[in-house]
1. So what is the 222 nm mean residue ellipticity for the chain from helices alone, if each DSSP H run of at least 4 adds -39500 (n - 2.57) and you divide by all residues, rounding to the nearest 500 deg cm²/dmol?
2. Please say if the chain is rounded, prolate or oblate, where rounded means a/c under 1.5 for a ≥ b ≥ c the square roots of the C-alpha gyration tensor eigenvalues, and otherwise the choice is prolate for a/b larger than b/c and oblate otherwise?
3. State the answer as a single residue: which of THR13, THR80, ILE40 lies farthest towards the positive end of the charge dipole of the chain, with beta carbon charges of +1 for Lys and Arg and -1 for Asp and Glu, about the Cα centre.
4. Could you check how much of the accessible area of the chain is carbon and sulfur, as a whole percent, using a 1.4 Å probe?
5. Where the only charges are on Cβ atoms (+1 Lys, Arg; -1 Asp, Glu), what is the dipole of the range 1-75 about its Cα centre, to the nearest 20 debye?
6. Using a 1.4 angstrom probe, figure out how much accessible area the chain has per residue, in square angstrom, rounded to the nearest whole.
Amino acid sequence: MGNEANRRMRMATQFTYGNPDVLTVVETDRPSPQAGEVLIQVAAASVNHGETKIRAGLIPQIGPPPFTLGSDLAGIVAATAPWMPVRN
């Protein structure tokens, strides 16, 4: 993954509340996984029923946009970060 194209990714985000047409595909830098995280190369994603309510502004408790929805997804693990044990 050494070239510039592999350091960029596309994501669907929204900058305002509304109907599905507020979802915008943007290009951004690919994140690096932090301790205890994995990076998934997404093959398919969807906006689930609960996320449609977030998109529409019906669940304002999570804060204002921008949001990146699409937590229902399928893909492969592209990178991992070291595991950090949880301390009680």
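The values are calculated or read from the model by the stated rules, or taken from the named source; none is laboratory data. Just so it is clear, the structure is predicted and the values come from calculations on it, not from any experiment. Glycine gets a Cβ as well: all are built from the backbone with ideal geometry, and neighbour counts include every protein chain shown. These accessible areas exclude ligands, DNA and RNA; they are computed on the full protein's heavy atoms, side chains included. Shrake-Rupley method; radii C 1.70, N 1.55, O 1.52, S 1.80 Å.
1. Rounded to the nearest 500, the figure is -2500 deg cm²/dmol.
2. Note, shape of the chain comes out oblate.
3. With unit charges placed on the Cβ atoms, the residue in question is THR80.
4. On the way: 3670 of 6610 Å².
Of all accessible area on the chain, carbon and sulfur atoms account for 56 percent.
5. 20 debye
6. Details: 6610 Å² over 88 residues.
I get 75 Å² per residue for this part.
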